[in-house]
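Peer 1: This is the structure I want to talk about, given as structure tokens.
The values are calculated or read from the model by the stated rules, or taken from the named source; none is laboratory data. Computed from a predicted model, the values in this text were never measured in an experiment. Note that we place each Cβ from the backbone using ideal geometry, even for glycine, and neighbour counts take in every protein chain shown.
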Amino acid sequence: MFPSAHFVYVKRSPGDNINSLIEGWRKPDQFAAWSYDLPETVAIDESRYTRWCFFLSDGWRKYLQSSIEEVCAFQYMAMNEAILEARKTVPTSQWTEICYEDLLQNPVEGFRQAFESAGLAFTKKLEDHCSKVLSNPYNAFSEIRLDKWRDGRNRERIESVLPKINDIAQRMGYEL
């Protein structure tokens, strides 16, 4: 489809990513506006969530009456599995993989790597912008920091699904 495209895969640790998905599901006006016309009834977490948020992957119907953590673990697995499969079809020279956690620790170097691997100039203006990006996030539900799920309201829910996503997490380079 895009033979000369350069793909940048920003992967994220399972706990923090699932936490963000759960928080996003609490904002259906932002992330479920498209789902009014689904051919199925959504009754996640005993009908606490009645509109599907984010993307639909094969098998989504199995989760219509599941817990929110089960749905978000499914979405995490499905999306990352699809990306890892797609990577097999992309020439190495057109693929860059970076960790979200690295961007949080050093956004300038993380973005520099992404730009340079794609053959793009990382200008002083971009460097200045990246040096301030964490203090002025585009779309953050809460404080930006590593492992915030561990002391957040979703911890027990997330811990209950981590064993189910262990395989994909390891393939992405994360140890649970």
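Peer 1: Can you spot a residue in the range 8-30 that is without any contact (Cβ under 8 Å) to a residue 24 or more places away in the chain and part of a helix (DSSP H, G or I)?
Peer 2: Within the range 8-30, one or more residues are without any contact (Cβ under 8 Å) to a residue 24 or more places away in the chain and part of a helix (DSSP H, G or I).
Peer 1: Quickly run through the range 118-162 and pick out the residues that are among the aliphatic types (A, V, I, L, M) and either part of a loop (DSSP other than H, G, I, E, B) or within 14 Å of Asn17 (Cβ to Cβ) (or both).
Peer 2: Passing the criteria: Ala118, Leu120, Ala121, Ala140, Ile144, Leu146, Ile158, Val161, Leu162.
Peer 1: Sticking with this one: Tell me the residue from Ile68, Ile22 that is among the hydrophobic types (A, V, I, L, M, F, W, C) and touching a Cys at 6+ places or on another chain (Cβ under 6 Å), please.
Peer 2: Ile22
Peer 1: A follow-up question, please. Being modelled with pLDDT under 95, among the small types (Gly, Ala, Ser) and farther than 30 Å from Lys88 by Cβ, is that true of even one residue in the range 141-164?
Peer 2: Yes: one or more hits.
Peer 1: Continuing with the same structure: Scan the range 105-131 and report the pairs whose first residue is closer than 19 Å to Tyr9 by Cα and whose second residue is among the β-branched types (Val, Ile, Thr), with Cβ atoms within less than 6 Å and a gap of 6+ or a chain change.
Peer 2: From residues that are closer than 19 Å to Tyr9 by Cα, the pairs are Pro107/Val133; Gly110/Ile98; Ala114/Val8; Ala114/Thr96; Ala114/Ile98; Ser117/Thr96; Cys130/Val108.
Peer 1: Based on this model, can you work out whether Ser13 counts as closer than 17 Å to Ile83 by Cβ, of a type in the set (Gly, Ala, Ser) and modelled with pLDDT of 95 or more?
Peer 2: yes
Peer 1: Of all residues in the range 25-80 being of a type in the set (S, T, N, Q) and crowded, with 20+ Cβ neighbours inside 10 Å, which is farthest from Ser160 (Cα to Cα)?
Peer 2: Ranking the candidates gives Asn80 first.
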